[in-house]
Amino acid sequence: MTEKLAHTPGSAPSRGPRSLIFETGAPESRCVMPPALDVPEIDLDAALGGATRSEPPVLPHVTEVEIARHYAHLASMNFGVDSGSYPLGSCTMKYNPRVNEDAARLEGFSGLHPYQPESTTHGALELMVGLADALAEVSGLPGVTLQPAAGAHGELTALMCFRAYHVDCGDARSRVIIPDSAHGTNPATVAMCGYQVTTVPSDADGGVDMDVLRSVLDTDVAALMLTNPNTLGLFDSNILEITEAVHAVGALAYCDGANLNAIMGISRPADMGFDALHINLHKTFSTPHGGGGPGAGPVCVTEALAPYLPGPVPFRREDGSYGFAQPASSIGRVRSFYGNFGILVRAYAYVRALGGEGLREVSEQAVLSANYLKERLREAYDLPYDRTCMHEFVLSGSRQKREYGVRTFDIAKRLLDHGFHPPTVYFPLIVEEALMIEPTETESLEELDRFADAMIAIAEEASRDPELVKGAPYTTPVRRLDEAGAARNPDLRYRPEE
Ligand SMILES: *Cc1c(COP(=O)(O)O)cnc(C)c1O
C-alpha cells in the first residue's frame, strides 16, 4: 500500500493508454488460418451481379497475439469485483462465486432453446420453481415472478400489479408515497406507472416521519414504497406502525428489496407488513451486475396479489411434473420468455450452495462488516446518523469540504489511487457530501482494514495537502473526465482517417 501512496501529481500513470485495435497490426496480419479450399472456386462479384463493395471495409488486421493482448489490456483497464473491493453502497457488489458460472455453463442450461417443448425442459422449470420457492421463503411472500430483468423493472411490475388490484377493487387511486431517502428508481417507477409522487421526509433517526406520513395518507393513496433497511443503512423500527397505517387507508405497502442483504433469514418483509417486494439477484444473490445488465429483479407478492403477476409462471404439478400457468388476472408478460434465465441459474446455485443457514450468515457477516468499518472511520469523517447500522452506512465529507475545500468527489477519486473502487457518493440526497459504504460479507477483515486505512490516510492527506486530493486520481488510465459529457454524448465511434 505504501508504494501506491507515493503517487503524487506528475507521476506516470501505471497503465497508460494504448493504440486502438484499428491502429495495431499490419495489412498482411491475420489471426485465422482458413482450411484449404475444398469446393469449386467462384467469382463472388459475378455471382452477386456486381453487388459486392468496391473498397474493402476498414477492419483491423491483427495477429492472434495482438488480439489476445488487446482484450487482456481492455480488461486490465476496468475495475470489477475481481480486481479489488468495491464498497458501492446500495449496490451490494459482492464477489460472484465461480461455481455459479460453472452451473450456468452446463450444456443442459446454456444450450436450451426457449421454444423447446415443455416436456424437454423440466430441469430448467424445476430450477425456476426451486428459486421462486427460496425467494418466497426469504421474503415470506408466496407469489413470485422471475421475469423482471432488473430491480427497477421489478418495481414497475409490482406497481402495475398494485394498479390492477386497485382497479379490480373499483377504486383507481392516484398517489404513491415515497420517503426522501429513496433510490431514484422509486419516483421514476411511480411516474412511469401514471401515479403522482408524494414525498415524506425522514425524521432525526433517519426513519419515516410518522406524523407527516399520517398526514398524507388518505384513500387516494395507492401505495407506499419503502426501502427497509433504508438507504442510510438503518432499519426503520416503526415498520409495523407504518405498514398498518398504510393498510388502514386501503393502500398497499411495497418494499424496495435492494437492501435484502442485511436481513436474510433474520426478518421477513412479509412479517413487516409488506405486500410486495423486488429482489435484486445481481445484488443479494451474487450474480454479476454486468454493464447495466443482465440482471434479474424477481418480485414476491402476497396471496391476494398473486393473481395479477406476469405470466406464464412455472409451477410444479401434483404428479411432480412441471408446467407453466397463467395467473387469473395477469398484467401480462413484462419480459420475453422466462426472464434472464442464465442469471436465475447463478442465483439458484448460490442459494443451494449456502442453504438457509448460510444465507442468514451472509446477512450477519454483512452487517458486522459494515459496523466494523463504521467504527474504524467515525473519527476521520462525520457520521450524521450515529446508530448501529445494517449492511451499509453513510459518512459525510462535510468537515473536509468546510475546512480544506476537499469534496467527497475528490475523496472518491483519491481512493482509486489507493486501489479501491469508491463508495456511492452524493446519495442518499438527504446527507450533505454523502459517502455510502457497503463492504459486503465477502471482504476479509484484512481487506476491511486496508480500506479503512486508505480512507483515514485520505482524511489526513486532505488536511495536510488538499491539492493532492483535489488532483486525484494519478494512477488510473485516464484522470478526471467530463462524466456528464461522457454519459450524455459518448463518442465511441472510430473514424478512419479520410
Ligand atoms: C439498485 C437499487 C435499485 C434498482 O435496481 P436495478 O437492478 O439497478 O434496477 C432500486 N432501489 C435501490 C435502493 C437500489 O439500491
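The figures follow:
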{"item": "ARG333 long-range amide H proximity, modeled H, under 5 Å", "result": "GLY311"}
{"item": "Segment 184-225 shape via C-alpha gyration tensor axes, a/c threshold 1.5", "result": "oblate"}
{"item": "By average C-beta atoms within 10 angstrom, highest first, the peptides 308-314, 470-476", "result": "308-314, 470-476"}
{"item": "Dipole magnitude of the chain about its Cα centre (Cβ charges: Lys, Arg +1; Asp, Glu -1), debye to nearest 20", "result": "500 debye"}
{"item": "Burial ordering of MET210, MET160, fewest other beta-carbon atoms within 10 Å first", "result": "MET210, MET160"}
{"item": "Gap separating the Cα centres of segment 144-168 and segment 278-338, nearest whole Å", "result": "10 Å"}
{"item": "Charged-residue dipole, Cβ positions (Lys, Arg, Asp, Glu), segment 90-235 about Cα centre, Debye nearest 20", "result": "280 debye"}
{"item": "Selection of chymotrypsin sites (Phe, Trp or Tyr not before Pro), segment 73-135, meeting DSSP coil and at most 13 other Cβ within 10 Å", "result": "TYR115"}
{"item": "Length released on extending from ARG493 to MET33, taking residue separation times 0.36 nm less the Cα-Cα span", "result": "162.7 nm"}
{"item": "Helical segments meeting 30 Å axial Cα length and Kyte-Doolittle -1.0 threshold in the chain (DSSP H)", "result": "341-377"}
{"item": "Gyration tensor (alpha-carbon) shape descriptor, segment 248-362, a/c threshold 1.5", "result": "rounded"}
{"item": "Nearest-20 debye value, segment 173-255 charge dipole, Cβ charges on Lys, Arg, Asp, Glu", "result": "360 debye"}
{"item": "Helix-only mean residue ellipticity at 222 nm for the chain, each DSSP H run of n ≥ 4 adding -39500 (n - 2.57), per residue, nearest 500", "result": "-11000 deg cm²/dmol"}
{"item": "When each of LYS283/LYS470; LYS94/LYS401; LYS401/LYS470 is checked by Cα-Cα distance, pairs over 22 Å", "result": "LYS283/LYS470; LYS94/LYS401"}
{"item": "Antiparallel %, DSSP beta bridges [both residues in the chain], to 5", "result": "50 percent"}
{"item": "Global form of the chain, assessed from the alpha-carbon gyration tensor, a/c cut-off 1.5", "result": "oblate"}
{"item": "Exposure proxy order (Cβ contacts within 10 Å, fewest to most) of ILE178, ILE430", "result": "ILE430, ILE178"}
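Every number in this text was worked out from the coordinates using simple rules, so none of it is lab data. What you are looking at is a predicted structure, and each value in this text was computed from that prediction instead of being measured. FYI the Cβ positions are ideal-geometry reconstructions off the backbone, even for glycines, and counts take in every protein chain you see.
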